[in-house]
Each structure stands twice: as C-alpha cells, then as structure tokens.
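Written out below as structure tokens is the structure these notes cover.
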Amino acid sequence: MIIDTQQVENGSHISADVAIVGAGPAGLSIARALAESGARIVLLESGGTRVEDAPQELNSGVDGGTIARPGHLQTSRRRVVGGATQLWGGWCRPLDEHDFRVRSWVPHSGWPFAKAILAPYYRHAAEMLEIEAFERADGTKLALPGPYILGKSEPLVQHVYQVSPTKDARLGKRWLASLARAENVQVLLHATALELEANESSSLVKQLDVGYLDGKRITVASKHVVLAMGGIENARLLLNSQGREATGLGNRHDVVGRYYMEHPWIKAAGGLVIVGAPPVYQGFEDEYHDNRSWRFPALAIAPEVQERFELMNFRARLEPIAPAAAPPLQRAIAKTLTRLKSTRSGAGPQFFQLDVSSEQSPNPESRLTLADSKDAFGKRQARLNWRLTDFDNRTVRKSLAIIARELGRWQIGRAQNALDEHGPWPLHTSGACHHMGGTRMHADPKQGVVDPDCRVHGVANLFIAGSSVFPTGGVANPTFTIVALGLRLADYLKRELKPA
C-alpha cells in the first residue's frame, strides 16, 4: 500500500515490525526481501515518485574539504523513490576479495568478515538488478567479451563491469510496483524522519518522529528500525537525535560521521594511442549486448602489486575518442608509431581518454558533522569535510604511471600521463557521488558505529543499511554491494522476527 501526504492524519501513530527509513537501493531491497515474511513493514521516503524541488532542498548543507565542489550535497543525491539510483549509470561490480582484508599499509582497513560471506547475496543481487552473476555457485566467474588487447601481466589485471538495465529512474519504479501489491507493506511518501527517540538508557529506539512539509507530524513505533538514507543522511539523523545523548544517538565514542569516503574521480587523466591492434571491444562503449545488460572492461592494478608499492585499489577505463577529435599530441604520436610499427592487421590508430577512479583510505578526519544552518523542519544541516590525503594522491599517480609503462612495454601503444608525479590534485578532480563511511562497520564500538550484523553498537533494535557502513570502499561502484548487504540484513531480520 502506498500512502501519500493527503492520506495522512496529523498526529497519527503507526506500529510495525520493521520500519525502514529511505527508499533507495538499500531500503527497497530490504523491504522487498521482508515483504515475503509476512511481517508488518513500514517504508518511509522523504520524497515522492519523481524529483521535486521542496524535498530536494532538504539535501542542502555545507560542503568543504580538500577539493571545492559547490552544491555537491544537492546535486549528488535525490530524495525520491529509488534514491541516488536516479543518478546511477547502472555500473555493477562486486568488491574485490582483498578489499575486505586488513592491509598493513592501509590504516583502519579491513571488514569484520570475508567476501565469501556476501557471495550468495551478490548472486541474489545480480538477479534483482537483472544482470549475470559475477561468480556462480559452482565457482565459475563471469568472463570479459573478447577480443583482448592485453596479455597476461603481473602489474595489471582487467576487471569486468556490467551495466544494469534498472539504471536511471527504472529501479525505483520497478521495485515500488512490487511493494505496492504487498498487503503487509506500507510505503509512506513525502515522510521525512526527523529524530529517533530512545529509551532512558539509549539502548532501544522507542519511536521515529516523522514530518511532512505541509506541517503534519506523525510517529512510527517499530520492533526494529533500519536507517537506509544514504552515506550522508544516516549519520546526520543519528547526530540530530539528541534527546538522550547530547552528541547524538550511537555516538558515545565520537565515531558517527567519521571515516567519510568517496571515490576520487579524474576524467581525462591521460590519453592513449593504439596502433596496429584489432578494435578494442568495438570502442569500449557498446561492447556487449544481450538485450538485458552489457559489459565493459577496465584496467586495474594487481593486488600483489598494490601491496608491493603500498597502493590502494584503482581502475582506469578507456573511453574512445574519434580520430578527428583527438588532441594534436595524440595524433602526432599516432603518426610516429605508424611509421615505426608494422600494422599487419591493417587497423588504423585508435585514440582513448583515460578515465580513472581510486579507492580512498579510511580517514577519521574526513567526516560529517552538523552545521549551524537548519532545514525546513528546523533540523541542523550536514557539514561535509571530505579530506583526501597524500596517500590517496600517490595511489592515483603511481597507478596511472604503472599502466602507462606497461602499455608501452607491451608495444601496444603509448599512454600519456597528464598528472605530475608529485603534483597536487588536478582542478577537475571530483568525487564519483559514492558516499561511503560515516557509520562504518567494526566489531569494536570505539572504531565503528555498527557491528558485523549492521546493528548500531549499544542500541538493540537499530540497524543501518547502505554504503555508510562500508569500512573501506574498494574501487567498484557501491550500488551492487549496497543491495547485497541489504539482502544479508534482511535475512538477519527475518531470523529476529521469528517467534522464540
């Protein structure tokens, strides 16, 4: 059942078995999984079924840090059914196995469980996102489509990404339709969670205070509460819930909001010229179609090489450039290579732009706090201080240099590295709108906000879903892992809901 503003009576009280705050990929996947259990589910979404100015304005805040990004808090998020998937290009890839490990050269790294724990949930997530499983139950892995331009080499590996047909606004519409048919699920649109009210010891959430922009207020009481509002709003709601704890609910150790991460993203970080090779995956843009999804490859640094050079995870995607649009330097290099190199295949020069993205190291000083400014409900806005380190910078520059050197060593072509080895972050560096950390997962409450089951330390019935619980972010787009983690949490809640 879908309930919008006009159907809500001011002052009403709703009871549920599970209340889920946020109808993005995390909240929707959990609600869909729990709908089958017969439990009473309430799903709250601050927006509606399309993007609207008034709910979107609630995303305003103060943005700062290493790189200036005016308006980032507004433009990188959507208060709407489907959440940030309305901005999502559909890119799917699981985290790598070494992303879950404690890496001695990466401070604060390591998940409290191995990737194998998520394996069945990754397979289920692939079904939900209408893509093929990256690794099947029998251990066989998804292959890249050929032909390959790269041979086997220790420094580099090739990753396969899939693009889900549920990208853009489609995921929210498809998944909401299935929830609308479930009699045990109530979806409250334009319902904004304002505060979590806890008992006297702050060990239990008693109810959610919920507001509507037309002035109505309601409360929701639930056996279990799941925050699934994204990498910024999850932390913000905890920090704003100060009825029992002056620093915010679940924040006794000052960890809420810390370890905020994104994927530093640099478009046009370099160029590549290939001469005498077959076409590279038909241009890397529409390499593989099967009427459902398509795949594309990216270059990455092998895990053992990351360890040797003390780097984090990294990927570079080759984006094709039409020969006429290639920069003069690349065209000059192509002419020289054509003269020097035998082109038995008869293939002409191919031009590419290197689009790179990297893992960010977990940094307690990269954090979300509350600003003095307030939103339309009188709640303090988020203040973001996104802090990148020299370690993050070195990972990008060294990884790109390794790729350039290897492509030349194989006599495939020549890569131009547009980043100075010891220079500052380029002005066009951005975050990939992948908001991670802020309520990170750790077995120790002094180092994390949630435990390995995504339960907030010290609050028995409060859980957090989404990328805000990531201890490290790897380099894969987070949506696929967000859905897998949501399905794992749904399984945990199903067990909790069963009668003793």
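The values are calculated or read from the model by the stated rules, or taken from the named source; none is laboratory data. Only a predicted model underlies this, so the values are computations on that prediction, with no experimental measurement involved. Note that each Cβ is placed from the backbone with ideal geometry, even for glycine, and that neighbours are counted across all protein chains shown.
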Give the residue, chosen from Pro452, Pro445, Pro478, that is under 30 Å from Arg252 (Cα atoms), buried (at least 23 other Cβ atoms within 10 Å of the Cβ) and out of contact with any Leu (no Cβ under 6 Å at 6 or more places or on another chain).
-> Pro478
Would you mind stating whether Pro70 is part of a loop (DSSP other than H, G, I, E, B), modelled with pLDDT of 95 or more and more than 15 Å from the chain's Cα centre (by Cα)?
-> no
Residues of the stretch 220-273 classified as within 24 Å of the chain's Cα centre (by Cα) and charged (D, E, K, R), total = 6
Output the qualifying pairs, or none if there are none: Cβ atoms under 6 angstrom, residues six or more apart or on different chains, first residue in the stretch 234-250 and within 23 Å of Ala465 (Cβ to Cβ) and not assigned by TED's automatic domain parsing to the domain that holds Lys374, second residue in a loop (DSSP other than H, G, I, E, B) and among the basic types (Lys, Arg).
-> none
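Yes or no: Ser201 out of contact with any Asp or Glu (no Cβ under 9 Å at 6 or more places or on another chain), outside any loop (DSSP other than H, G, I, E, B) and among the polar types (S, T, N, Q)? Show your work before the answer.
Numbers: out of contact with any Asp or Glu (no Cβ under 9 Å at 6 or more places or on another chain): yes; outside any loop (DSSP other than H, G, I, E, B): no; among the polar types (S, T, N, Q): yes.
Criteria not met by Ser201.
Pull up the stretch 163-195, narrow it to residues that are aliphatic (A, V, I, L, M) and over 19 Å from Arg40 (Cβ atoms), then point me to the one that is modelled with the highest pLDDT. Can you show your working first?
Taking the stretch 163-195 and keeping what is aliphatic (A, V, I, L, M), we get 163, 169, 171, 176-177, 179-180, 182, 185, 187-189, 191, 193-194.
Then keep just the ones that are over 19 Å from Arg40 (Cβ atoms); that gives 163, 169, 171, 177, 194.
Working: Val163: 91, Ala169: 76, Leu171: 90, Ala177: 92, Leu194: 98.
Per the criteria, the residue is Leu194.
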Could you check how many residues of the stretch 26-50 are under 21 Å from the mean Cα position of the chain (by Cα), over 16 Å from Leu189 (Cα atoms) and buried (at least 24 other Cβ atoms within 10 Å of the Cβ)?
-> 3
Enumeration of residues in the stretch 10-25 that are part of a loop (DSSP other than H, G, I, E, B) and more than 14 Å from Gln186 (Cβ to Cβ) = Asn10, Gly11, Gly22, Gly24
Single match in Arg93, Arg79, Arg101 (criterion: under 15 Å from the mean Cα position of the chain (by Cα) and among the basic types (Lys, Arg)) = Arg93
If a residue has to be crowded, with 22+ Cβ neighbours inside 10 Å and of a type in the set (Asp, Glu) to count, how many in the stretch 247-272 make the cut?
-> 1
If you go through the stretch 287-294 one residue at a time, do you hit one that is modelled with pLDDT of 60 or more, of a type in the set (Lys, Arg), surrounded by fewer than 23 Cβ atoms within 10 Å (Cβ to Cβ) and in the same structural domain as Ala404 (by TED's automatic domain parsing)?
-> no
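Can you name every residue in the stretch 349-361 that is part of a loop (DSSP other than H, G, I, E, B) and either modelled with pLDDT of 85 or more or exposed (fewer than 14 other Cβ atoms within 10 Å of the Cβ) (or both)?
Glu359, Gln360, Ser361, listed by residue number.
When the residues of the stretch 296-322 are filtered to those that are more than 20 Å from the chain's Cα centre (by Cα) and in a strand (DSSP E or B), which remaining residue is modelled with the highest pLDDT? Break it down stepwise before answering.
Let us first name the residues in the stretch 296-322 that are more than 20 Å from the chain's Cα centre (by Cα), namely 301-311, 318-322.
If we keep only those that are in a strand (DSSP E or B) too, we end up with 301, 318-321.
Numbers: Ile301: 94, Leu318: 80, Glu319: 81, Pro320: 79, Ile321: 83.
Going through the qualifying residues, I end up with Ile301.
Condition check ((1) assigned by TED's automatic domain parsing to the domain that holds Arg69; (2) under 30 Å from Leu73 (Cβ atoms); (3) within 26 Å of the chain's Cα centre (by Cα); (4) of a type in the set (Val, Ile, Thr)) across all residues:
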residue	(1), (2), (3), (4)
Ala401	no, no, no, no
Ala404	no, no, no, no
Arg409	no, no, no, no
Ile412	no, no, no, yes
Ala415	no, no, no, no
Arg440	yes, yes, yes, no
Ala443	yes, no, yes, no
Gly448	yes, yes, yes, no
Asp451	yes, yes, yes, no
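Within the stretch 446-465, is even one residue on the phi < 0 side of the Ramachandran plot and in contact with a Cys (Cβ under 6 Å, 6 or more places away or on another chain)? Explain how you work it out, then say what you get.
Here is the first cut: in the stretch 446-465, the residues on the phi < 0 side of the Ramachandran plot are 446-453, 455-457, 459-465.
Next cut, in contact with a Cys (Cβ under 6 Å, 6 or more places away or on another chain) only: 463-464.
Checked against the condition, which is being on the phi < 0 side of the Ramachandran plot and in contact with a Cys (Cβ under 6 Å, 6 or more places away or on another chain), the stretch 446-465 yields at least one hit.
Would you please name the residue that is nearest to Phe314 (Cα to Cα), looking only at residues in the stretch 464-500 that are among the charged types (D, E, K, R) and touching a residue at least 12 places away in the same chain (Cβ under 8 Å)?
Only one residue tops the list, namely Arg488.
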If you go through the stretch 140-158 one residue at a time, do you hit one that is over 30 Å from Pro362 (Cβ atoms), outside the structural domain of Glu304 (by TED's automatic domain parsing), touching a residue at least 12 places away in the same chain (Cβ under 8 Å) and part of a loop (DSSP other than H, G, I, E, B)?
-> no
Assess whether Arg394 counts as being of a type in the set (D, E, K, R), touching a residue at least 60 places away in the same chain (Cβ under 8 Å) and not assigned by TED's automatic domain parsing to the domain that holds Leu227.
-> yes
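Being under 28 Å from Lys115 (Cα atoms) and small (Gly, Ala, Ser) is true for just one of Gly71, Gly65, Gly90. Which residue is that? Let's see the steps before the verdict.
Details: Gly71 fails: under 28 Å from Lys115 (Cα atoms); Gly65 fails: under 28 Å from Lys115 (Cα atoms).
Being under 28 Å from Lys115 (Cα atoms) and small (Gly, Ala, Ser) holds for just one of Gly71, Gly65, Gly90, which is Gly90.
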Any hit, the stretch 132-145, residues being touching a helix residue (DSSP H, G or I) at 6+ places or on another chain (Cβ under 7 Å), polar (S, T, N, Q) and surrounded by fewer than 19 Cβ atoms within 10 Å (Cβ to Cβ) = no
What is the one condition in (1) over 23 Å from Ala33 (Cβ atoms); (2) free of Cβ contacts under 8 Å to residues at least 12 places away in the same chain; (3) assigned to a loop (DSSP other than H, G, I, E, B) that Lys446 does not satisfy?
-> (2)
Check the stretch 425-440 and report whether any residue there is surrounded by fewer than 19 Cβ atoms within 10 Å (Cβ to Cβ), touching a helix residue (DSSP H, G or I) at 6+ places or on another chain (Cβ under 7 Å) and part of a strand (DSSP E or B).
-> no
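Only one residue in Asp53, Asp17 is surrounded by fewer than 19 Cβ atoms within 10 Å (Cβ to Cβ), touching a helix residue (DSSP H, G or I) at 6+ places or on another chain (Cβ under 7 Å) and of a type in the set (Asp, Glu), so which one is that? Steps first, answer last, please.
Details: Asp53 fails: touching a helix residue (DSSP H, G or I) at 6+ places or on another chain (Cβ under 7 Å).
Going through Asp53, Asp17 in turn, just one is surrounded by fewer than 19 Cβ atoms within 10 Å (Cβ to Cβ), touching a helix residue (DSSP H, G or I) at 6+ places or on another chain (Cβ under 7 Å) and of a type in the set (Asp, Glu): Asp17.
Taking the conditions exactly as written (among the β-branched types (Val, Ile, Thr), on the phi < 0 side of the Ramachandran plot and surrounded by fewer than 14 Cβ atoms within 10 Å (Cβ to Cβ)), does Val81 satisfy them or not? It would help to see each step written out before you state the result.
Values: among the β-branched types (Val, Ile, Thr): yes; on the phi < 0 side of the Ramachandran plot: yes; surrounded by fewer than 14 Cβ atoms within 10 Å (Cβ to Cβ): no.
The answer is no for Val81.
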